[in-house]
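Novice: One structure, as structure tokens, below. Some questions next.
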Amino acid sequence: MLKRHDLPVALLYNTANIRYATGVDVMAVWTAGTFARYCLVPAEGAPILFEYKGSIHVSQKVVRDVRPAYTWQYGGAAARDMAREWARSIRSALRELGLECECLAVDKVDAAGFLALQEEGIAITDVGAATVDAREVKTPEEVALFAINGGIGDAMLAAFEAAIRPGIREYELWAVLSDALLRRHGEGLFTRLVASGTNTNPWLTEAHDKVVMPGDLVGVDTDANGYEGYVIDVSRTFLCGDTPSPEQKEAYRVAYDCVMGMFDLVRPGMTFQEFADKAPRLPAAYAAQRYPTMVHQAGLEDEGPGIPYPDDDRGPRRIMPERELKENMVLCLECYAGKPGAPFGVKLEDQVLVTADGARLICTYPFEAKLLD
């Protein structure tokens, strides 16, 4: 993809990009915000991984060329000089690769790093087009990892549902979800999206100390990095009790029909615009609090571009990507149904693999039958 986009060499700091290019992940949560490791990836040849110096021995098990990383983030007044030293080391490595005079494609860098590259005379451009295109269609190995993680996701949701009872707190349910993931060699949760009762409307209130009460809806979005880091992203809403209200059943049916309608649409070759135009519309009473996107992609992180609602005028205009669904893409189809001011809402999401015959579920955990009868 670097060659296809006419990019001779890339400098990657994004943790998922580094892992995709090298196969190595080191302390992903910490390194994601510290600029502690990076790699140079030429369009021809093997990558050079610049590793956090205490972890070089970890990466050397996988990558042939591992070198100590330069850092400056906590350098204070000395940070600019430290960043300049880093920029000179980047030029030296580019010289080794025979690419000293080429434009360097970068995914992210902080202000000190950007200025240091400018001062060193290294021309830079954005690498995003190549990394998105490279990671969009999954390899057979990635498809196999998603199959493993689908089973882990099902086990997480089973443990979560079994733990729902009056008196349990949201953060305790979140701990159950995490425990089920970690005991199956998953890596961690990247949000705390567990909510109950009034915390389910609007959506995106994260787990707190609210006590689950009889009759509450309890929503969860797994938002996990599973085995080998691949994302498990499924949402379910459960009922604490046996008898839902008609209003709860209505909201659940709205979200369910939306997700199922999108599932039935999925096929290779369909453009994002065509999908958005044909996907089910939420009833007017639920439109104001729609989820920000209908569909997003997933791999080593939540990926994009996604498919926005074509008529969504909330905030900045979402541009519809000029892309199409492809076989072996992984999509997350999601819907939130909650009327403004209502004491509950419903979040549902399925994660699917795009096959030649349509969508195939990655996680197969059932929906809440009590809310669908």
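The values are calculated or read from the model by the stated rules, or taken from the named source; none is laboratory data. Everything numeric in this text was worked out from a predicted model, so none of it was measured. A quick note on method: Cβ atoms are made from the backbone with ideal geometry, for glycine too, and the neighbour counts reach across all protein chains shown. The area values use the complete protein model at the heavy-atom level, side chains included, leaving out ligands, DNA and RNA. Shrake-Rupley method; radii C 1.70, N 1.55, O 1.52, S 1.80 Å.
Novice: What's the number of the condition Pro366 fails, among (1) more than 29 Å from Ile148 (Cβ to Cβ); (2) assigned to a loop (DSSP other than H, G, I, E, B)?
Specialist: Among (1) more than 29 Å from Ile148 (Cβ to Cβ); (2) assigned to a loop (DSSP other than H, G, I, E, B), Pro366 violates only (1).
Conditions tested, residue by residue: (1) modelled with pLDDT of 95 or more; (2) touching a His at 6+ places or on another chain (Cβ under 8 Å); (3) closer than 24 Å to Gly226 by Cα; (4) surrounded by fewer than 16 Cβ atoms within 10 Å (Cβ to Cβ).
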| site | (1), (2), (3), (4) |
| --- | --- |
| Cys332 | yes, yes, yes, no |
| Ala337 | yes, no, no, no |
| Gly341 | yes, no, no, yes |
| Val346 | yes, no, no, no |
| Leu353 | yes, no, yes, no |
| Gly358 | yes, no, no, yes |
| Cys363 | yes, no, yes, no |
| Lys370 | yes, no, no, yes |
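Novice: For the range 71-99, how many residues meet the condition of being open to solvent by less than 80 Å² (accessible area, probe 1.4 Å) and either in contact (Cβ under 8 Å) with a residue 12 or more places away in the chain or part of a loop (DSSP other than H, G, I, E, B) (or both)?
Specialist: Count: 18.
Novice: Just for the range 100-146: of the residues that are outside any helix (DSSP H, G or I) and open to solvent by less than 30 Å² (accessible area, probe 1.4 Å), which one is farthest from Asn225 (Cα to Cα)?
Specialist: For the range 100-146, the residue satisfying everything is Ile122.
Novice: Taking the conditions exactly as written (among the β-branched types (Val, Ile, Thr), open to solvent by less than 80 Å² (accessible area, probe 1.4 Å) and touching a residue at least 60 places away in the same chain (Cβ under 8 Å)), does Val9 satisfy them or not?
Specialist: Criteria met by Val9.
Novice: Might you let me know whether the range 234-247 holds any residue that is hydrophobic (A, V, I, L, M, F, W, C) and free of Cβ contacts under 8 Å to residues at least 40 places away in the same chain?
Specialist: no
Novice: Can I ask one more? If the requirement is being free of Cβ contacts under 8 Å to residues at least 24 places away in the same chain and basic (Lys, Arg), which of these qualifies: Arg183, Arg165, Arg169, Arg135?
Specialist: One residue alone meets the criteria, Arg183.
Novice: Specify the residue that is farthest from Glu206 (Cα to Cα); the eligible residues are those in the range 222-240 that are acidic (Asp, Glu) and surrounded by fewer than 24 Cβ atoms within 10 Å (Cβ to Cβ).
Specialist: Filtering first and then ranking leaves Glu228.
Novice: Which condition does Phe344 not pass, out of (1) touching a Leu at 6+ places or on another chain (Cβ under 9 Å); (2) closer than 23 Å to Gly153 by Cα, if it passes all the others?
Specialist: Among (1) touching a Leu at 6+ places or on another chain (Cβ under 9 Å); (2) closer than 23 Å to Gly153 by Cα, the lone unmet condition for Phe344 is (2).
Novice: Ala224 is checked against (1) among the small types (Gly, Ala, Ser); (2) within 22 Å of Tyr286 (Cβ to Cβ); (3) under 26 Å from the mean Cα position of the chain (by Cα) and fails just one. What number does that condition carry?
Specialist: So Ala224 meets the others, but not (2).
Novice: Filter the range 16-43 down to the residues that are under 20 Å from Asp133 (Cα atoms), touching a residue at least 40 places away in the same chain (Cβ under 8 Å) and not in a strand (DSSP E or B) and list them by number.
Specialist: The answer is Ala16, Asn17, Arg19, Tyr20, Thr22, Gly23, Ala43.
Novice: Same structure again: Quick one: would you say Lys3 is more than 20 Å from Val132 (Cα to Cα), surrounded by fewer than 16 Cβ atoms within 10 Å (Cβ to Cβ), modelled with pLDDT of 95 or more and not β-branched (Val, Ile, Thr)?
Specialist: No; evaluated as a whole, the condition is false for this residue.
Novice: A further question on this structure: State all residues of the range 189-221 that are under 22 Å from the mean Cα position of the chain (by Cα) and surrounded by fewer than 24 Cβ atoms within 10 Å (Cβ to Cβ); if no residue qualifies, say none.
Specialist: Leu189, Phe190, Thr191, Arg192, Leu193, Pro202, Trp203, Leu204, Thr205, Glu206, Ala207
Novice: Are there any pairs, at least 6 apart or on different chains, whose C-beta atoms fall under 6 Å, with the first in the range 258-283 and without any contact (Cβ under 8 Å) to a residue 24 or more places away in the chain and the second of a type outside the set (Gly, Ala, Ser) and part of a loop (DSSP other than H, G, I, E, B), and if so, which?
Specialist: The qualifying pairs are Gly261/Pro280.
Novice: List the number of the failed condition for Gly186; all other conditions in (1) surrounded by fewer than 24 Cβ atoms within 10 Å (Cβ to Cβ); (2) part of a loop (DSSP other than H, G, I, E, B) hold.
Specialist: (1)
Novice: Restricting to the range 100-120, what's the tally of residues that are more than 30 Å from the chain's Cα centre (by Cα) and within 23 Å of Val132 (Cα to Cα)?
Specialist: Number of matching residues: 1.
Novice: Quick one: in the range 273-317, of everything that is hydrophobic (A, V, I, L, M, F, W, C) and assigned to a loop (DSSP other than H, G, I, E, B), which residue is most open to solvent (accessible area, probe 1.4 Å)?
Specialist: Ranking the candidates gives Ala288 first.
Novice: Show the residue pairs meeting these rules: Cβ distance below 9 Å; 6+ apart or different chains; first residue within the range 349-367 and closer than 14 Å to Val259 by Cβ and in contact (Cβ under 8 Å) with a residue 60 or more places away in the chain; second residue assigned to a loop (DSSP other than H, G, I, E, B) and open to solvent by 70 Å² or more (accessible area, probe 1.4 Å).
Specialist: Going by the 9 Å Cβ cut-off, the qualifying pairs are Ala359/Arg267.
Novice: Which condition does Leu331 not pass, out of (1) over 23 Å from Pro283 (Cβ atoms); (2) assigned to a loop (DSSP other than H, G, I, E, B), if it passes all the others?
Specialist: Among (1) over 23 Å from Pro283 (Cβ atoms); (2) assigned to a loop (DSSP other than H, G, I, E, B), Leu331 violates only (2).
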